[in-house]
Amino acid sequence: MKKIICTLIVAILTVYAMSSPVMANSDLSIELISPSGANARPIYEDTVVSKITNNTNETMNNLLVYITIIDTKNNIAVAVDEYGSTVDKPRKIDTLAPGETVTIEIPIRFMYVGEYELYTSVMHKGSDTVISSSPITLVMIGDSNINTNLVMAVSIVIPVILLVIIAWLYMNQRKRRNVK
Amino acid sequence: MNKTLIKKELKENFYASKGMWWLLATSLFFSVLCLLVINIKELSFLAQTETVQYAAKIGIFLCALVTMVLGSATFVAEREESTLESLMLAPISKMQISLSKLVGVLVMGVLIYLVSLPYIIVLGLGTGLVLRSIIFIAIIGTLLLVAYGCISIGLSILIPSSKASILISLILLIVSAVPAFMSGILNVSALGKFINKISPISNTFKMMSAMLVEQQSISYMVQYFVPILIFTLISVGFMLLSTKKIAFKGGE
């Protein structure tokens with residue numbers, strides 16, 4: 001019975017920790033304010049807003065905030081430079097006073113269809129701490145009006161037409177040479 | 001320009017230089033790409049606007065490639081086959097010879113463009129980008145064609161061996177195109193940023209994104225257009241200067 005109760009408590013605590021929008025340790029916390037998620041068509045543009053709070057009584061220096069994007073369908077952590085011109089550049093917070101909160105905005109741009117998890121992290125060089133926010137899910141749904149039958153037809157017909165024209169020109173050239 | 005010479009160039013480019021096979025190869029290349037886009041899941045993750053852009057970029061690059069290869073063999077081939085002498089004895093100026101050869105090469109580039117057109121159209125149907133893509137390639141693509149055509153013809157005048165001329169032309173094309181595919185790495189250093197800013201192909205691709213996807217204003221696109229225009233003018237100047245040095249084996 002004790003085992004079951006302990007397991008239940010651990011499970012409840014784990015679920016609570018996972019569902020919390022803010023990931024924090026005692027010193028530093030980061031919260032991803034917006035967007036809360038997205039279900040859109042590429043090209044999807046938005047600004048990721050994160051709130052970073054210094055929970056200590058001391059000033060923190062040299063904080064870096066950055067984005068991580070995971071393509072869950074292909075199971076890869078993507079190269080973020082393809083998701084906006086400045087996404088790969090960590091935002092620097094020079095000084096964060098005790099109890100102070102700053103907001104960092106990072107524009108993103110999704111061009112590819114897929115399912116992504118995005119979260120922001122803050123790294124404090126002084127204490128070797130890295131804290132990440134809870135991830136948000138971004139689903140980029142297909143935006144293709146490509147007529148596959150038409151594309152296939154063109155892909156087959158054009159080379160065939162060219163081949164016929166080339167063969168005809170080639171034969172004509174050979175005939176002329178033979179006449180001469 | 002001399003019409004007879006242009007006809008001769010076109011015939012040579014089409015038959016002797018196997019230009020017709022270039023056209024077929026281009027169409028087969030596009031066909032394979034299109035079939036991959038519609039059949040392979042990993043490639044179908046691209047938004048349609050991106051697919052159209054990629055097709056247009058490949059079209060521009062292939063036009064530039066064919067122009068470079070054909071242009072770099074023009075004068076060298078005449079010299080190696082000892083036909084340059086008779087060409088120069090004809091009552092036409094050196095400038096006319098160069099310009100006629102340039103037109104001959106450009107027509108092949110335009111034919112490659114025409115072959116790629118149906119593919120761009122079917123890939124772009126429904127996006128509203130087809131017309132803009134065609135206009136973009138017609139204007140900026142033509143500028144690039146003239147630029148690379150002039151460079152390759154200039155090199156074929158100055159370099160005595162056809163192999164060396166074609167090789168140097170291809171290296172120049174690759175060097176000028178590399179920043180377009182490595183912009184992320186190059187942007188790390190000041191030198192890289194500079195190279196990225198002056199690369200004609202890189203600027204063409206950026207301008208294409210700005211025009212087709214981002215739909216930026218014309219004033220915004222000027223920053224990309226100016227380097228392309230300067231590159232074209234320098235290339236034309238290079239060909240005009242090289243033309244003065246046309247000489248058959250052993251000098252004039």
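Taking Cα pairs under 8 Å and at least six residues apart, what relative contact order does the range A:43-180 come out at, in percent? Rounded, it is 27 percent for the range A:43-180. In a simple Cβ point-charge model (Lys, Arg +1; Asp, Glu -1; nothing else charged), chain B has a dipole of about 260 debye relative to its Cα centre. Each Lys and Arg Cβ is given +1 and each Asp and Glu Cβ -1; about its Cα centre, the range A:77-116 then shows a dipole of about 80 debye.
Each peptide in B:25-34, A:97-106, A:82-91 was scored by the mean count of other Cβ atoms within 10 Å over its residues; highest first, the order is B:25-34, A:82-91, A:97-106.
Share of pairwise Cα-Cα distances greater than 26 Å in chain B is 43 percent (whole percent). The share of C-alpha pairs in the range A:39-108 whose separation exceeds 22 Å stands at 35 percent. Here's the picture: charge each Lys and Arg Cβ at +1 and each Asp and Glu Cβ at -1 in the protein assembly as shown, and of B:Leu5, B:Leu111, A:Val151 the one pushed furthest to the positive end of that dipole is B:Leu5. Ordering B:Ile168, B:Ser133, B:Thr232 by Cα displacement along the dipole of chain B toward the positive end leaves B:Thr232 in first place; charges were set at the Cβ atoms of Lys, Arg (+1) and Asp, Glu (-1).
Taking label positions 7 Å along the Cα-Cβ direction at both A:Val164 and A:Asn74, the computed distance is 3.9 nm, reported to one decimal. For the residue pairs B:Lys57/B:Lys163; B:Lys101/B:Lys197; A:Lys51/B:Lys193; A:Lys89/B:Lys197; B:Lys163/B:Lys245; B:Lys3/B:Lys244, alpha carbon separations beyond 23 Å are given by B:Lys57/B:Lys163; B:Lys101/B:Lys197; A:Lys51/B:Lys193. Mean projected area of the convex hull spanned by the Cα atoms of the range B:105-192, taken over all viewing directions: 7.9 nm².
Rolling a 1.4 Å probe over the heavy atoms of the protein chains gives the protein assembly as shown an accessible area of 52 Å² per residue. Pairs of alpha carbons in the protein assembly as shown separated by more than 38 Å make up 40% of all such pairs. Would the range A:41-180 count as rounded, prolate or oblate if I go by the C-alpha gyration tensor, calling it rounded below 1.5 in a/c and otherwise prolate when a/b exceeds b/c, oblate otherwise? It is prolate, given that a/c is not under 1.5 and a/b is the larger ratio. When chains A and B come together, the accessible area they lose, probed at 1.4 Å and totalled over both chains, is close to 2500 Å². With a ≥ b ≥ c the root eigenvalues of the C-alpha gyration tensor of the range B:136-178, is it rounded (a/c under 1.5), prolate (a/b larger than b/c) or oblate? Because a/c hits 1.5 or more and a/b fails to exceed b/c, the range B:136-178 counts as oblate.
Modelled label positions at B:Lys8 and A:Asn145, each set 7 Å beyond Cα in the direction of Cβ, lie 5.1 nm from each other. Residue by residue along A:155-165, Cβ atoms of other protein chains within 10 Å of the local Cβ number 6 on average. Report the Cα centroid-to-centroid distance between the range B:63-116 and the range A:68-136 in angstrom, as an integer. If we compute the Cα centre of each part, the gap is 53 Å.
Lys/Arg Cβ at +1, Asp/Glu Cβ at -1, dipole of the protein assembly as shown taken about the Cα centre: which of A:Ile52, B:Met95, B:Gly124 is farthest positive-ward? Value computed over the given set: B:Met95.
The values are calculated or read from the model by the stated rules, or taken from the named source; none is laboratory data. Note that the coordinates shown come from a computational prediction; the quantities given were computed from them, not determined experimentally. Backbone-built Cβ (ideal geometry, glycine too); neighbour counts: all protein chains shown. SASA here: full protein model, heavy atoms, side chains in, ligands and nucleic acids out. Shrake-Rupley method; radii C 1.70, N 1.55, O 1.52, S 1.80 Å.
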